[in-house]
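Take a look at the structure below.
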Amino acid sequence: MNGLSAWLALVGGAVLVGLTVMTVASITGRTFNRFGLGPVPGDFEIIEMGAAFAIFAFLPWCQYRRGHVTVDIFMARFGEKVNFAIDVVANLLMTLAAAIMLWRLTLGMLDKHSYHETSFILQFPIWWGYAASMVGAVGFLLVSAFTVWRSFRELARAGGSVNAHEG
């Protein structure tokens, strides 16, 4: 899961770098329009779909690295075992959220595909952006399910170590 999440994050980062370069080229083209340059056609359409892909590509890495927001001020009051139990519940909920996102993206993609909806300027199929985002969403679901298993293992180890110290 580490390799999958890292690979998706790197690809998402590369897409963002590409979008940044394209944005600079488009702005530069607008600035020097009188010299025969111009903006990149459909730049906002490309940015829209590329950014959606990148966001979904980063979610698995964030989940794997425990990067989502937590309320540590309350968690510090509880023991290790309670914190691991809370992690199990949180990861289960995140897995549910990932499954719902993937489900809705799939339905959206199928809808855009069935109506042959295209982007305004470049006229490429809108479903392509959904399909690209689904790559990250599938990774997010897989990594989230893995983190549930990881949390259960940590909880079991904490339970074993507590019992060993009590006996």
>> Please list, ordered by chain and number, the residues whose modelled amide H lies under 5 Å from the amide H of Thr118; skip anything fewer than 5 residues away on the same chain.
In response: Ile126
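Work through the residues other than Asn91 whose Cβ is under 14 Å from its Cβ and net out their charges, Lys, Arg +1 and Asp, Glu -1. Don't jump to the answer; show the numbers that get you there.
On the way: positive: Arg65, Arg66, Arg150, Arg153; negative: Asp87, Glu154.
The answer is +2.
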>> Under a crude label model (7 Å from the Cα following the beta-carbon direction), how far is Glu48 from Gln123 in nanometres?
In response: 1.7
>> Given the DSSP H assignment, sum -39500 (n - 2.57) over each helix run of at least 4 residues in the chain and divide by its residue total; what's the result at 222 nm in deg cm²/dmol, nearest 500?
In response: -28000 deg cm²/dmol
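Which of rounded, prolate, oblate describes the chain, given a ≥ b ≥ c as roots of the alpha-carbon gyration tensor eigenvalues and a/c under 1.5 marking rounded, otherwise prolate only if a/b is larger than b/c? Each step should come with its number before you reach the end.
Numbers: a/c = 3.83, a/b = 2.30, b/c = 1.66.
It comes out prolate by the Cα gyration axes.
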> What number, in percent, do you get for the relative contact order of the chain if the mean sequence gap of Cα pairs under 8 Å and at least 6 apart is divided by its residue count?
Replying inline: 31
> By the scheme Lys and Arg +1, Asp and Glu -1, what is the net charge of all other residues having a beta-carbon under 14 Å from that of Glu154?
Replying inline: +3
> Thinking of the stretch 1-99 as a set of Cα atoms, what percent of all their pairs are more than 18 Å apart?
Replying inline: 63
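Give me the Å³ per residue figure for the convex hull around the C-alpha atoms of the stretch 61-115. Kindly include the intermediate steps, with their values, before the conclusion.
Details: hull volume 4.5 nm³, N = 55.
Once divided by residue count, the hull of the stretch 61-115 is 81 Å³.
Readers should treat all values here as calculations from the given coordinates under stated rules, not as data from a laboratory. These figures come from a predicted structure and were not determined experimentally. For neighbour counting, all protein chains shown are included, and Cβ atoms are generated from backbone atoms with ideal geometry for every residue, glycine included.
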